[in-house]
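Everything below concerns the one structure shown next.
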Amino acid sequence: MDIYLIRHTQTASAEGLCYGQSNIGLAPSFPEEVEILHDKLPELDDDCRVFSSPLTRCSKLAETFSDSVTTDARLQELHFGDWEEKRFDDLDPVALQHWADNFATAVPPNGESFGDLYQRTGEFWQELLATDAEQVVIVTHAGVIRALLARVLNLPLENAFQFRIDSGSTHKLRSVDDYIYIEYINL
């Protein structure tokens with residue numbers, strides 16, 4: 001199974017905005033970014049399965065790959081709770097620093113930890129690997145991609161943020177005989 005993890009393109013959000021599971025719009029450059037992204041991928045098979053976070057910044061991109069997109073809430077970005085749609089600079093600096101130092105287990109007020117995200121994406125991942133799909137595209141968010149890469153590499157969650165995940169980036173994995181190979185990251 002060839003698996004393409006794709007991060008959504010640039011958003012129209014203000015710089016420094018915490019938007020996790022908020023439904024933020026896409027930048028005006030979306031059409032150009034889609035063209036660049038499609039050029040990075042091989043021609044997809046007719047039976048390629050396309051999955052997406054239900055958030056518009058992902059689902060709109062996923063629809064450029066297929067008319068039949070399966071949305072899954074487990075592919076949503078980290079839920080920042082009360083911090084959603086606030087500027088990081090406006091958050092309590094002590095609370096923000098505590099979260100940054102302990103993101104794997106620390107929970108923003110009324111949100112979730114990266115460990116929680118890791119668990120929910122892991123459920124999706126196990127279900128995906130149990131299918132007989134030959135080619136899969138997953139349009140999602142940086143946090144989800146980091147969690148899936150950490151899972152594949154069996155990394156401590158604290159190391160997951162060492163992966164650079166650009167907007168509009170593609171990451172290719174291949175599942176062969178119950179083993180996952182990483183073919184490339186952040187293309």
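The values are calculated or read from the model by the stated rules, or taken from the named source; none is laboratory data. Just so it is clear, the structure is predicted and the values come from calculations on it, not from any experiment. Cβ: placed from backbone, ideal geometry, glycine included. Neighbour counts: every protein chain shown.
In the stretch 106-117, is there at least one residue being loosely packed, with under 12 Cβ neighbours inside 10 Å, free of Cβ contacts under 8 Å to residues at least 40 places away in the same chain and aliphatic (A, V, I, L, M)?
Of all residues in the stretch 106-117, those loosely packed, with under 12 Cβ neighbours inside 10 Å come to 110.
Within this subset, residues satisfying the condition of being free of Cβ contacts under 8 Å to residues at least 40 places away in the same chain are 110.
After this cut, where a residue has to be aliphatic (A, V, I, L, M) as well, the list is none.
Scanning the stretch 106-117, I find no residue that is loosely packed, with under 12 Cβ neighbours inside 10 Å, free of Cβ contacts under 8 Å to residues at least 40 places away in the same chain and aliphatic (A, V, I, L, M), so the answer is no.
Beta carbons closer than 7 Å, at least 6 apart along the sequence or on distinct chains, pair a first residue in the stretch 147-159 that is over 17 Å from residue 100 (Cβ atoms) and in contact (Cβ under 8 Å) with a residue 60 or more places away in the chain with a second that is in a helix (DSSP H, G or I) and among the aromatic types (Phe, Trp, Tyr) for 148/125. Just one residue in the set 131, 70, 121 is surrounded by fewer than 16 Cβ atoms within 10 Å (Cβ to Cβ), among the hydroxyl-bearing types (Ser, Thr, Tyr) and free of Cβ contacts under 8 Å to residues at least 60 places away in the same chain; that residue is 70. Checking the stated criteria, residue 132 turns out not to satisfy the condition of being over 18 Å from residue 105 (Cβ atoms), out of contact with any Ser or Thr (no Cβ under 9 Å at 6 or more places or on another chain) and at pLDDT 95 or above. Considering 33, 85, the condition of being on the phi > 0 side of the Ramachandran plot and touching a Ser or Thr at 6+ places or on another chain (Cβ under 8 Å) is satisfied by 85 alone. Scanning the stretch 10-53 for residues that are in a loop (DSSP other than H, G, I, E, B), of a type outside the set (Gly, Ala, Ser) and within 21 Å of residue 68 (Cβ to Cβ) turns up 41, 42, 43, 44, 45, 46, 47, 48.
For the stretch 11-29, taking the residues that are buried (at least 17 other Cβ atoms within 10 Å of the Cβ) and in contact with a helix residue (DSSP H, G or I) (Cβ under 7 Å, 6 or more places away or on another chain), the one that is farthest from residue 111 (Cα to Cα) is identified as 26. For the stretch 139-164, the set of residues classified as crowded, with 20+ Cβ neighbours inside 10 Å and either in a loop (DSSP other than H, G, I, E, B) or in contact with a Cys (Cβ under 9 Å, 6 or more places away or on another chain) (or both) consists of 139, 140, 141, listed by residue number.
Return a yes/no flag: does the stretch 87-100 have any residue that is of a type in the set (Val, Ile, Thr) and in contact with a helix residue (DSSP H, G or I) (Cβ under 9 Å, 6 or more places away or on another chain). No; the residues of the stretch 87-100 include none that is of a type in the set (Val, Ile, Thr) and in contact with a helix residue (DSSP H, G or I) (Cβ under 9 Å, 6 or more places away or on another chain).
Does residue 186 count as in contact with an Asp or Glu (Cβ under 9 Å, 6 or more places away or on another chain), farther than 22 Å from residue 81 by Cβ and surrounded by fewer than 17 Cβ atoms within 10 Å (Cβ to Cβ)? For residue 186, the condition - in contact with an Asp or Glu (Cβ under 9 Å, 6 or more places away or on another chain), farther than 22 Å from residue 81 by Cβ and surrounded by fewer than 17 Cβ atoms within 10 Å (Cβ to Cβ) - is met.
If you filter the stretch 73-111 down to residues that are assigned to a helix (DSSP H, G or I) and among the charged types (D, E, K, R), you find that the one that is nearest to residue 7 (Cα to Cα) is 74. Taking the listed residues 89, 132, 101, the one that is over 23 Å from residue 162 (Cα atoms) and of a type outside the set (Phe, Trp, Tyr) is 132, with no other qualifying.
Of all residues in the stretch 54-72, which are in a loop (DSSP other than H, G, I, E, B) and either closer than 17 Å to residue 170 by Cα or in contact with a Cys (Cβ under 6 Å, 6 or more places away or on another chain) (or both)?
Initially, the stretch 54-72 is screened for residues in a loop (DSSP other than H, G, I, E, B), giving 54-55, 63-68, 72.
Once the filter is applied, which keeps residues that are in a loop (DSSP other than H, G, I, E, B) and either closer than 17 Å to residue 170 by Cα or in contact with a Cys (Cβ under 6 Å, 6 or more places away or on another chain) (or both), the stretch 54-72 yields 63, 64, 65, 66.
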